[in-house]
Amino acid sequence: MSEEAPAGKARVLVVDDSRVIRIAARKILKDEFDVLEAGDGEEAWETLNKEDDIALVISDLSMPYLDGMGLMKRIRESAEPRLANLPIIIVTGAEDDEEAKSAAFAAGASDFLSKPFDSVQLLAHTRSHVRLVKTETELEQTRTAIEAEPTIDALTGLSNQRAFTEQGRQCLSHALRHNDTLSVILIDVDDFDKAFIKYGRTAGEAILKIFSGIVKDNVRLEDSGGRVGLARFGLLLPSTPAEGARQTAVRICQQIGARAFKIGSDILKLTGSAAVITPEIDSETRFEDLLAEGQKLLGRAAAAGGNRVVFGQAAPRPQPAPTEA
């Protein structure tokens with residue numbers, strides 16, 4: 001039976017094999033958050049499956065039984081959206097080199113902290129990620145409530161994630177029957193979550209509407225576009241080889257990067273990263289696997305600094321978007 005969090009406090013899971021570190025984190029966070037503890041990845045995984053209202057995981061990398069990378073892999077590969085989308089702050093020590101940090105980021109880490117962490121740093125990072133989770137939850141609830149048509153994303157007018165997935169399955173089936181090609185593009189607005197936290201929901205939604213317009217302007221009648229995440233768009237391009245998909249992805253990312261938004265006294269510019277998948281289609285090809293591959297490719301793009309197009313099966317070498325013609 002799961003424990004109930006104190007009223008009004010978001011729950012945070014701190015995972016570290018050092019009891020001293022866990023106690024230090026609890027002391028810093030306990031006034032604002034309900035802090036749960038785990039001494040290794042296995043214990044953390046049990047807690048995550050038992051407690052369904054955890055908003056954030058703060059985990060060490062080096063631990064016995066199941067380390068931080070193993071825990072993160074289970075979370076990101078979970079069939080439950082509440083776990084797969086859970087923000088994870090990885091705490092790195094002196095023994096963790098840059099290669100380990102890059103691997104963790106590519107595997108799905110949301111943020112990093114270094115030991116020893118101070119109270120201001122830990123609180124600021126925790127507040128930001130918990131606030132984003134709360135905002136995304138509210139957005140999802142609002143969108144669900146106002147959607148008149150269950151296949152349309154109310155904010156952008158594009159297909160929602162469920163409809164996009166069904167359209168992808170149909171396109172894949174058609175390509176297999178007719179020995180045709182299909183390209184799939186996933187596009188992330190880089191660091192949109194940070195802009196959302198800083199400028200708020202109204203500005204964030206206005207930006208997404210403009211970027212969704214860019215997506216719509218770049219699809220043909222036979223193509224399909226969808227909003228498949230907070231700031232993630234998907235495109236289905238039937239009968240389109242890798243080179244044609246590459247050109248579309250580069251063009252959209254360049255157009256996203258060319259926009260500037262005046263918010264108060266600030267000028268905000270964002271960039272886009274895209275994953276392009278043009279699979280060799282056979283009877284074993286599943287659309288869900290293509291989406292999973294695209295998510296991994298976007299992780300690579302983010303780890304490399306964003307603002308680039310990366311490629312999956314049967315595609316050209318990765319190139320930064322700004323250098324493309």
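Every number here is computed from the coordinates shown, using simple stated rules; none is lab data. Values in this document were obtained by computation on a predicted structure and should not be read as measured data. Every residue, glycine among them, receives a Cβ derived from its backbone with ideal geometry; neighbour counts consider all protein chains shown.
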Rounded to the nearest 20 debye, dipole of the chain from Cβ charges on Lys, Arg, Asp, Glu: 1180 debye
Test item: Cα-centred dipole of the range 161-323, Lys/Arg +1 and Asp/Glu -1 on Cβ, debye: 620 debye
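So between Ser102 and Lys27, what do we pick up on full extension, going 0.36 nm a residue minus the alpha carbon distance?
Residue separation times 0.36 nm, minus the Cα-Cα distance, leaves 24.1 nm.
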Leu268 versus Glu288: modelled label distance in nm, points set 7 Å from Cα along the beta carbon direction: 3.5 nm
Reference-scaled alpha-carbon Rg (2.2 N^0.38 Å with N residues) for the chain: 1.04
Rg/Rg_globular for the range 10-141, with Rg_globular taken as 2.2 N^0.38 Å and Rg from C-alpha atoms: 0.96
The chain: most fluctuating residue of Thr202, Thr47, Thr271 per GNM, C-alpha cutoff 10 Å: Thr202
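For each pair in Lys134/Lys194; Lys30/Lys115; Lys115/Lys296, compute the distance between the two Cα atoms and list the pairs where it is over 25 Å.
Lys115/Lys296
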Signed unit charges on C-beta, dipole axis of the chain, positive-most listed residue Pro81, Ala109, Val276: Val276
Which listed pairs, of Lys101/Lys198; Lys9/Lys198; Lys209/Lys269, have C-alpha distances above 23 Å, in listed order: Lys101/Lys198
